[in-house]
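What follows is a short report on a single structure.
The values are calculated or read from the model by the stated rules, or taken from the named source; none is laboratory data. Here the structure is a predicted model, which means the values were calculated and not measured. Counting neighbours? That spans all protein chains shown, and the Cβs are built from the backbone with ideal geometry, glycine included. To get the accessible areas, we keep the full protein, side chains included, count just its heavy atoms, and leave off ligands, DNA and RNA. Shrake-Rupley method; radii C 1.70, N 1.55, O 1.52, S 1.80 Å.
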Amino acid sequence: MGTSTAFQLVQRGLHRVVVLEKSTVAAGSSGKSSALVRMHYTFLPEARLALTSLRWFQEWQERVGGSCGFTRTGFIRLVTPDRAHLLRQNVARLQGIGVNTQLISPDDLRSLDPGVETSDIEIAAYEPDSGYADGYSTAQAFMAAARRGGVTLQQGVTVWHAGARRSHPRCRN
């Protein structure tokens, strides 16, 4: 989040930005992320955010530079037959906000993945544009672009807020 935020701040004209990293860029959750890029969410604001993010990943080189490792694989959502009506509703809602998703039959699913067992599947949702990125590369590319815009990076820095100081064992009251 820090490297993305720094990049966005530079894009908006702020140049006195400092990124403080406890260890190194992407040493935490970003570097360990499975980095799925998909839009199939039931909470529409989250789906809208994911759709906006998809465009960024698709246009990464032009928008940010470097590589984010985005690989288009498609995404399939399966549900049990008793939840098929909910899947139909959600796909319609997602299509309504512009997500490229559709309902597919078990035969369609087998054509995408011949090894999948479909005897207990009524329908599935398929997003052909979805995939995954590389969380480490994404964070590194954001940081490189932010630094080109004047952002300073300080690694190996721990930030303490005033309330934590009193309770920290190395700090004296």
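Mark the label point 7 Å from the Cα of Arg83 along Cα→Cβ and return the residues of the range 40-60 whose backbone N is within less than 15 Å of it.
40-43
Of the accessible area of the chain, with the probe set at 1.4 angstrom, what percent is carbon plus sulfur?
The computed percentage sits at 50.
Mind checking the per residue accessible area of the chain for me, 1.4 Å probe, whole number of Å²?
Accessible area per residue: 62 Å².
If you count only protein heavy atoms and use a 1.4 Å probe, how large is the accessible surface of Asp82, to the nearest 10 Å²?
Answer for Asp82: close to 110 Å² accessible.
Give me the net charge for the shell around Ala84: Cβ to Cβ below 14 angstrom, other residues only, Lys and Arg +1, Asp and Glu -1.
0
Which residue, Tyr126, Tyr136, Tyr41, tops the fluctuation ranking in a GNM of the chain built on C-alpha contacts under 10 Å?
Of Tyr126, Tyr136, Tyr41, the most mobile in the Gaussian network model is Tyr41.
Count neighbours as other Cβ atoms within 10 Å of each site's Cβ, and list the GluC sites (Glu not before Pro) in the range 1-83 that are DSSP loop with at most 12 such neighbours.
Glu59
Please compute the net charge surrounding Ala6, taking Lys and Arg as +1 and Asp and Glu as -1 over other residues with Cβ under 14 Å from its Cβ.
Every neighbour counted, the sum reads +3.
With axes computed from alpha carbons, what is the tilt in degrees of helix 44-58 against the longest principal axis of the chain, rounded to the nearest 10 within 0 to 90?
With rounding to tens, the tilt is 80 degrees.
Can you sort Phe75, Phe43 by 1.4 Å-probe accessible area, starting with the largest?
The ordering from most to least exposed comes out as Phe43, Phe75.
Just Gly69, Gly149, Gly115 to compare: in a GNM of the chain, with alpha carbon springs under 10 Å, which one fluctuates most?
Gly115
For the chain, what value does the Rg/Rh ratio take when both radii are computed over Cα atoms and Rh is the Kirkwood radius, given to two decimals?
Rg/Rh for the chain comes to 1.11.
Label points 7 Å out from Cα along the Cβ direction at Ser33 and His15: separation in nm?
Distance between label points: 2.9 nm.
What is the ratio of the Cα radius of gyration of the range 23-89 to 2.2 N^0.38 Å, where N is its residue count, to two decimals?
Relative to the 2.2 N^0.38 Å estimate, the range 23-89 comes out at 1.41.
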